[in-house]
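Take a look at the structure below.
What follows draws every value from the coordinates through simple rules; no lab data is involved. None of these values were measured; they are calculated from a predicted model. Note that we place each Cβ from the backbone using ideal geometry, even for glycine, and neighbour counts take in every protein chain shown.
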Amino acid sequence: MEGPTPLEIARNVVSLARRAGAEQCDAIVSMYTEANVTVRLGELEKLIEAGSMSLGLRVINGGRTAVCSTSDLSPAALERFAAEAVDLASISEPDEFAGLPEPELLSRATTAAGLSLYDEHMETLSTDERIRMAKACEGAALGFDARVNNSDGASLSTRIGQLALANSYGFEGSYPATSISLMVEAIADDADGKKRNGYWYSAERSLHRLMDPEEIGRIAARRTIDQLGARKIATRQSPVVFEPMMTVALMGDLVGCATGSALYRGATFLASRAGKALGSPLVNISDDPSRPGGLGSRPFDGEGVGARRNDIFRQGVFSGFLFDCYTARRTGNSTTGSAQRGIESLPAPGASTLIFEAGNSEPGSIIAGVTEGLYLTTLMGNGFNPTTGDYSRGAAGFWIQDGKLAYPVSEVNISGHMDSMLAGVDAVGDDLTSFGSSSAPTIRIREMTISGT
């Protein structure tokens, strides 16, 4: 006989916590099965299959909060667990801003209908088929060019699960979700024996949307071969063209500054700048968890507030921050339905499905418009200061000469200030490309400092 569903468990634990003395509480339950296949040089290297169900409970009494988690879901254990969580809340420090969302904010959507978060074909994907896909991916990388002489392996991962959330105000929501990802890293030797490596991946909710495994392998190999013979360049001020994956990385740094947590801690250069034009009119960034099929899409956030699209930049104007209930109260704002939630953690604001909206320029024309500059394909290190907006990252890519990719470059550093970088976006491509839960096109920044030899 099957056991209780995740939603039934969440509902039961909320009831147990209320009986134990919780004024406010919510419970989140995650149930999933996952599998990972890794092959290297044509041989199976790792095969993992696992399942899990775990529960997180948040109790709030008079502003005193406790968060506890467990994977022991037997009736007796859950009763003890709920009582212990209430006891822990009583000895924590009170916080006037702690609390569940106001009841009127809770989502009316309690399922993921219309969001395309679940692919039933994932249930029938056999272990043999997973291994075949990973081998095909790596084989295409190794066979792309004789100079590709090694691999760090190809890994295929799948996850089939269900998430449920219930709280003491009567909210109950649950939805199933699937995900699949395939990644490979190819290796080649430069003339001086230096290792060059390149990787590529695809991550989707559905099997049919995953990039062809062999194409993933070929792209990884081409990115590896393209680095052979990389040169250093002299320091200069030049345009920098960000390929879509690099635009995603830049967008992630920027949006990390646009959360309520960063705002109340005073750790963002965007403080007091909502409603102001910071970027060029070509900069349009949003967080849209209502986008069907998105890896970060969801019907409600980690507190049960309805998920919705939030503009972060619109035609270069900073629209505002992403808030959960706590950071909204603490800063005198309203939640944007942006709470992220782990089983063992408090809710915190963050992006779910980021989109840097495409422009009208063909990527080739963006490069063709550069007399001399850098086409960026790799970022290294962590050189961004979110408090000041100063940006400095190790980089590699191609040198652009007279509108064409001339030769690969490495061991350079790009730097600037996020304000001037946003204002300097003078071209946005029409090649919107998805990387997991984020999507972005090619962009060009008019001028940055490129430090070399």
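Compute the length gained on full extension between SER420 and ARG108: take 0.36 nm times their separation in residues and subtract their Cα-Cα distance, giving the result in nm to one decimal. Don't skip to the answer; put the middle values down first.
Numbers: separation 312, 0.36 × 312 = 112.32 nm, distance 4.17 nm.
Gain on stretching SER420 to ARG108: 108.2 nm.
Run lengths n ≥ 4 of DSSP H only: what is the helix-derived mean residue ellipticity at 222 nm for the chain, with -39500 (n - 2.57) per run over all residues, to the nearest 500?
Values: 9 runs with 95 residues, N = 453.
Here the helix-only value at 222 nm equals -6500 deg cm²/dmol.
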Arrange the following residues from fewest to most other Cβ atoms within 10 Å of their Cβ: PHE171, PHE435, PHE356. PHE435, PHE171, PHE356
With r as the distance between the Cβ atoms of ASP72 and ARG19 and R0 = 25 Å, compute the FRET efficiency 1/(1 + (r/R0)^6) and round to 0.05. 0.85
The FRET efficiency for MET380 and GLU447, from their Cβ-Cβ distance with R0 = 22 Å and rounded to 0.05, is 0.55
Within 10 Å of each residue's Cβ, count the other Cβ atoms and sort GLU214, GLU303 from fewest upward. GLU214, GLU303
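According to the square roots a ≥ b ≥ c of the eigenvalues of the Cα gyration tensor, what is the shape class of the chain, taking rounded for a/c under 1.5, prolate for a/b larger than b/c otherwise, and oblate for the remainder?
On the way: a/c = 2.37, a/b = 1.42, b/c = 1.66.
It comes out oblate by the Cα gyration axes.
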Starting from 0.36 nm per residue, how many nanometres of slack lie between ARG132 and ILE48 once their C-alpha separation is accounted for? 28.7 nm
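Just want to confirm a number: the relative contact order over the chain, from Cα pairs under 8 angstrom separated by 6+ residues, in percent. Write out the running numbers ahead of the final one.
Details: 1220 pairs, mean separation 70.4, N = 453.
In percent, rounded to a whole number, it is 16.
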Averaging sequence separations of C-alpha pairs under 8 Å and six or more residues apart, then dividing by the length of the stretch 92-192, give the relative contact order as a whole percent. 31 percent
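If you take the Cα atoms of the stretch 230-453, find Rg, then find the Kirkwood Rh from the mean of 1/r over all pairs, what is Rg/Rh?
Looking at the stretch 230-453, the ratio lands at 1.00.
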Just report the Cα centroid separation between the stretch 60-103 and the stretch 217-249, whole Å. 49 Å
For a footprinting-style exposure proxy, rank CYS68, CYS25, CYS325, CYS257 by other Cβ within 10 Å, fewest first. CYS68, CYS257, CYS325, CYS25
Cβ-Cβ FRET estimate between SER345 and GLU79, R0 fixed at 41 Å, reported to 0.05: 0.95
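Could you tell me the number of lysine pairs in the chain with C-alpha atoms less than 22 Å from each other, where the two lysines are 8 or more residues apart or belong to different chains?
On the way: LYS46/LYS135; LYS194/LYS232; LYS195/LYS232; LYS232/LYS404.
Summing the qualifying lysine pairs gives 4.
How much length is gained if the chain between SER90 and SER272 is pulled fully straight, taking 0.36 nm per residue apart and subtracting their Cα-Cα distance, in nm to one decimal?
Here the segment from SER90 to SER272 would lengthen by 61.9 nm.
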Let a ≥ b ≥ c be the square roots of the eigenvalues of the Cα gyration tensor of the stretch 6-225; is it rounded (a/c under 1.5), or, if not, prolate (a/b larger than b/c) or oblate? prolate
Nearest 5 percent is fine: what portion of the DSSP beta bridges confined to the chain is antiparallel? 95 percent
